[in-house]
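Notes for the one structure printed next.
The values are calculated or read from the model by the stated rules, or taken from the named source; none is laboratory data. Everything quoted here is computed from the prediction, not taken from an experiment. A quick note on method: Cβ atoms are made from the backbone with ideal geometry, for glycine too, and the neighbour counts reach across all protein chains shown. The protein model used for the area step is the full one, side chains on, heavy atoms only, and it has no ligands, DNA or RNA in it. Shrake-Rupley method; radii C 1.70, N 1.55, O 1.52, S 1.80 Å.
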Amino acid sequence: MAAALATGAVDVIARRACDATLADLTGADGYLFGTPETFGSLSGLLKDFFERTFYPAQGLLQGRPFALFVCAGNDGRGAVAAIQRIARGYGWREVQPALVLPSDAVESRLQECEELGTTMALGLAMGLF
Ligand SMILES: Cc1cc2nc3c(=O)[nH]c(=O)nc-3n(C[C@H](O)[C@H](O)[C@H](O)COP(=O)(O)O)c2cc1C
């Protein structure tokens, strides 16, 4: 899903959650966060990224736009809700509906990932987000 999103967008820096740092957050105009849903929530590695950056980011990233993409065996709502709650703590704005794909349908719906990447890139370039 992340690769398809990057195809659709421009000026993308893709990072695995375990490699991402505060500098990646401060250096980006907007964010696309992706995760599988596990145990009704976001992945441990993405949660770790938020735990590592949350306090250092306070006051630096207010109002930045983000969108979510989730792969799930069921409905993905737990992962989406958990990240939305975390994102409120950073002061971010969700600018597109979360894209949740069932894990057995990802291959056939990669176009939707590309479209989300394109929408994010265009929205940023045009100053809409
Ligand atoms: C430990 C574990 C917990 C999971 N928990 C959930 C869950 O709570 N809700 C859900 O929709 N899918 C859950 N899944 C399924 C994952 O979302 C799914 O494996 C992931 O999206 C990747 O899809 P794939 O296994 O077909 O590659 C879980 C998977 C694992 C390995």
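Of all the listed residues (A28, A105, A57, A79), the sole one being buried (at least 17 other Cβ atoms within 10 Å of the Cβ), of a type outside the set (F, W, Y) and under 21 Å from T7 (Cβ atoms) is A28. Of everything in the stretch 3-50 that is touching a residue at least 60 places away in the same chain (Cβ under 8 Å) and among the hydroxyl-bearing types (S, T, Y), the residue that is nearest to A87 (Cα to Cα) is Y31. Can you confirm whether the stretch 111-124 contains a residue that is within 16 Å of the ligand (Cβ to nearest atom), outside any helix (DSSP H, G or I) and modelled with pLDDT of 95 or more? No, the stretch 111-124 has no match at all. The single condition among (1) farther than 24 Å from E112 by Cα; (2) under 14 Å from the mean Cα position of the chain (by Cα); (3) open to solvent by 70 Å² or more (accessible area, probe 1.4 Å) that F39 does not satisfy is (2).
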